[in-house]
Amino acid sequence: MKLGFSKADEAFRSECAAWLQAQMAGPFADIRGIPNLVSKIERRREWEQELAAHKWSCIGWPEQWGGRGATLAQQVIFAEEYARAGAPGRINHIGVELAGPTILAFGTEEQKARFLPGIAAGTAIWCQGYSEPNAGSDLANVRTKARLEGEEWVVNGQKVWTSLAHFSDWIFVIARSQEGSKGPKGLTFLMMEMDQPGIEVRPIRQMNGEAEFNETFLTDARCPADSLIGTPGDGWRVAMGLLAFERGVSTLAQQMGFRNELDGILAAARANGKDRDPVIRQRVAEAEIGLRLMRYGALRMLSNADHSAIDGAALTYKIQWATWRRNLGELAMDVLGQDGEIAPGAEYEWPMLPNLFLFSRSDTIYGGTNQIQRNLIAERGLGLPKEPRGDL
Amino acid sequence: MEFALTDEQAMIADTVRAFFAENATSERTRAAMEGAGIDRDLWAAFAGELGLAGIGIPEDFGGAGLGMVELAVVAEAAGAQVAALPLLGHAMLAQALARGGSQAQKEHWLPRLAAGEVIATVSWNAAFEVHDGAVSGTIAHLPHGAIADVLLLHAAGQAWLVDLAGEGVRRRAHVTMDQTRPLATVTLDGTPAEKLENGATAIGGLHAAGWICLAAEALGGAQASLDRTVEYAKERVQFGRPIGSFQAYKHRLADMMVEIEQARSAVYWAACAVDEQAEEAALALHAAKAFCADTYRMCAGNMIQLHGGIGFTWEHDSHLFFKRARSIATLYGDSQWHREQVARLVMGDPA
């Protein structure tokens, strides 16, 4: 059992750190440190393409498709150095981390050749069409319908919480393709081009004032018949395989962002004297401990060679970080005091710490609420009886 | 990345888990609780057949020469059964001597510790005076102090060994809430004391071993509290269904698992950090002690609540876990103290 990385891995760390830091100090300094996914979109498209030009856009993918075939350890290191260099949030993270791996795992050779190069090159930005007004926590309750008309799928329905939809080029959608089917059966996983008359995107303004999420309306939206992954009716299996890609390597980069937020709180506490308050000191220590344990939990998860076994650290990770970050938002406001409630400018726009307080209320909801997480942990991790399904 | 037990470490874990599950039974532990809080046959088998008393002791002095990760593996398994063993003081003294003892001190004490021939206890925040190699003072709250052969005292970067068979030693065994690790008060009056060669490094060693031992015991105990409650949740039927199917119930179990998984990361992070002499070792030790003690208290408390009335009885084992959790929380620095040490490392001194 060891904490550190090998010498070869540390050499790889130096290589990617040097490149990333040079970019963020030089040509891309103007987008350094942007955590959100809504501002300076054109520059960030350029950044995605710059990453691709140097083969840094999807290092875990096979070389054949624009990756480096990097080991898990190298992916972790790159993610850490990416965040440490202050490189901006990846606007194509859904393409690189979700769509691409799904196509690699479940797609045909034709589909790989058609979709992967665009993602690797940073020219095809993707978003995810899962949730619906009546399919949130109950994700299988999808109502969006897909029917095959000649050479095309025709899709009708409404998706919600589609982050990045307003500038994405592609969307993957789960839709009900078997008339009368219910729950996870009869769903199909489709890949659709966003730029078409049948798709309309309306931003949703969030409680922090920003608009990262959207409603996406599909009205006779179309895609070619071979745009499905897997077979018709097999969409749930594909979608669940995809959810498994959501955790793992990217969590370590996410933690570097959390580190930055906690450091911001420490700086604020030093500046206003709250660093001498014994209760605040206890809470800072708790936050520090929680963040460290997240890192070592992630390393345990990634060191676990036997991925077939249910991994406790992986199963509990979502509720752990989401709850930690929500508490961090509370701590931030308690340290800032009333200053935290005053926006610096004339707009309803918030600096990092007050924004953390507001935005983190979504962390315990999206990607499976804390309540759903507890069901999953109890049922999959502890083997307790499943929650019975109602029929209303 | 290799932040997982090696095959060898996993084998040790399997062995000790099986050993404690088979031998540290509720019946035997309860018998020890009626006496001095030690299962002497268990201790003899632990030290003799398994050779585990020497796990952290260098091979030159009769030990296995392994590190804190292996100690944690053993303590976790002992904690899972609330075994009545003097493991804590033993591990602390062994590390103090291995790191800060003179060659002669090591040669004298370590082989006897490795063989399990001596029972050790270690002070915390004790007030005492030493003049010309003789120590006087009242040393309170010593785990297994009533039966210990040797006491390690430390203050202000210096450490002394006191042979409790020496002159001027009076002991008072206390009825202790956690009967698996009873406390005693030892009064010393001009008792001969031997100074350890390097007090500061000895104290570093006893802190590391003590906090890792307690954190790992807490992890094992918390996991056992969860496992036993999950079993009960599947068997017990009320309102026509297993009680583990109710969300109000299963969500509490899920919360326990979330804390326990973090506690596991904490124990092995701290153990690796000490073994690798990592810069963050101090932070990791304080984090592990505070986090694991709190996790154990939460889990053992839930164990009682989720068992209902039977969990409150003397007959059921819940109270063994609950009381051990309480004693771990207070031993060698409570969680508030450890978190303040973390705060110091992160933010500097308070004033």
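The values are calculated or read from the model by the stated rules, or taken from the named source; none is laboratory data. Worth saying up front: this structure is predicted, and the values here are computed from it rather than measured. Here Cβ is always computed from backbone atoms with ideal geometry, including for glycine, and neighbour counts include all displayed protein chains. The area values use the complete protein model at the heavy-atom level, side chains included, leaving out ligands, DNA and RNA. Shrake-Rupley method; radii C 1.70, N 1.55, O 1.52, S 1.80 Å.
With a 10 Å cut-off around each Cβ of A:275-284, the average count of Cβ atoms from other chains is 4.
Accessible surface comparison of A:250, B:123, probe 1.4 Å, protein chains only, largest first: the order is A:250, B:123. Only protein heavy atoms count here; under a 1.4 Å probe, residue A:348 has an accessible surface of about 120 Å². Derived value for segment A:7-91: Kirkwood hydrodynamic radius 13.1 Å. Basis is the mean of 1/r over every pair of different alpha-carbon atoms. Above 24 Å, the calculated P(r) of segment A:69-203 contains 37 percent of its Cα-Cα pairs.
Between B:103, B:179, B:95, the GNM of chain B built on Cα springs shorter than 10 angstrom shows B:103 fluctuating the most. Largest first, the three principal axis extents of the alpha carbons in segment B:120-197 are 37, 25, 18 Å in whole numbers.
Springs between Cα atoms under 10 Å define the GNM used for chain B, and in it the highest mean-square fluctuation of B:56, B:311, B:89 occurs at B:311.
Full extension from residue A:371 to residue A:39: what is 0.36 nm times the residue separation minus their Cα-Cα distance, to one decimal in nm? Could the numbers behind the result be given before it?
Details: separation 332, 0.36 × 332 = 119.52 nm, distance 3.21 nm.
Result: 116.3 nm gained on full extension.
Quick one, what does Rg over Rh come out to for segment B:188-231 if you take C-alpha atoms and the Kirkwood Rh? It would help to have the intermediate numbers written out before the result.
Values: Rg = 18.0 Å, Rh = 13.5 Å.
So for segment B:188-231, dividing Rg by the Kirkwood Rh gives 1.34.
Please arrange A:177, A:6 by accessible surface area, largest first, computed with a 1.4 Å probe and ligands excluded. Show your work: numbers first, answer last.
Numbers: A:177 30, A:6 55 Å².
So, going from the largest accessible area down, we get A:6, A:177.
Per-residue packing, averaged as other Cβ atoms within 10 Å, sorts the ranges A:214-224, B:5-15 into the order A:214-224, B:5-15, beginning with the highest. Calculated FRET efficiency, residue B:132 to residue B:50, Cβ-Cβ distance, R0 = 41 Å: about 0.45 to the nearest 0.05. Approximating the spin labels as points 7 Å out from Cα along Cα→Cβ, the residue A:178-to-residue A:50 distance works out to 4.9 nm. Secondary-structure-derived ellipticity at 222 nm for chain B, considering helices only, amounts to -18500 deg cm²/dmol, per-run term -39500 (n - 2.57) for DSSP H runs with n ≥ 4.
So what is the calculated 222 nm ellipticity per residue for chain A, using -39500 (n - 2.57) for each DSSP H run with n of 4 or more, over all residues, to the nearest 500 deg cm²/dmol?
On the way: 11 runs with 170 residues, N = 392.
Mean residue ellipticity at 222 nm (helix-derived): -14500 deg cm²/dmol.
Give me the percent of DSSP beta bridges within the protein assembly as shown that run antiparallel, rounded to the nearest 5. Don't skip to the answer; put the middle values down first.
Numbers: 55 of 64 bridges.
Antiparallel: roughly 85 percent of the beta bridges in the protein assembly as shown.
Roughly speaking, what is the centre-to-centre gap between segment B:119-141 and segment B:313-327 when only Cα atoms are used, to the nearest Å? Segment B:119-141 and segment B:313-327 have Cα centres separated by 30 Å. Taking every residue in A:368-379 and counting other chain Cβ atoms within 10 Å of its Cβ, the average works out to 4.
Using all pairs of distinct alpha-carbon atoms, the Kirkwood hydrodynamic radius of segment B:201-347 works out to 16.0 angstrom. Distance between the C-alpha centres of segment B:236-261 and segment A:57-89: 39 Å, rounded to the whole angstrom. Dimensions of chain B based on its C-alpha atoms, expressed as ranges along the principal axes with the largest first, amount to 73, 46, 45 Å. Distance between the 7 Å Cα→Cβ label points at residue B:158 and residue A:219: 8.8 nm.
For the residues B:196, B:66, B:142, a GNM of chain B with alpha-carbon springs under 10 Å puts the largest fluctuation on B:66. Of the three principal axes defined by the Cα atoms of segment B:193-262, the extents in descending order read 67, 21, 12 Å. Put the Cα centre of segment A:1-46 next to the Cα centre of segment A:138-171 and the gap is 33 Å. Calculated from the alpha-carbon coordinates, segment A:247-381 shows an Rg and a Dmax of 16.5, 54 Å respectively.
Accessible area of residue A:167 (1.4 Å probe, protein heavy atoms only, ligands and nucleic acids ignored): about 20 Å².
A 1.4 Å probe, protein heavy atoms only, puts the accessible area of residue A:2 near 100 Å². Buried accessible surface for the B/A chain pair comes to about 4500 Å², total over both chains, computed with a 1.4 Å probe.
Using the heavy atoms of the protein chains and a 1.4 angstrom probe, tell me the accessible area per residue for segment B:16-56 in square angstrom. All intermediate terms of the calculation are to be shown ahead of the outcome.
Details: 1870 Å² over 41 residues.
That works out to 46 Å² per residue.
Over the C-alpha atoms of the protein assembly as shown, the Rg to Rh ratio, Rh being the Kirkwood estimate, stands at 1.02.
In terms of its C-alpha gyration tensor, segment A:126-232 has an oblate overall shape, because the principal axis ratio a/c (a ≥ b ≥ c, square roots of the eigenvalues) is not below 1.5 and a/b does not outweigh b/c. Taking 0.36 nm per residue of sequence separation and removing the Cα-Cα distance, the residue A:137/residue A:260 pair yields an extension gain of 41.2 nm.
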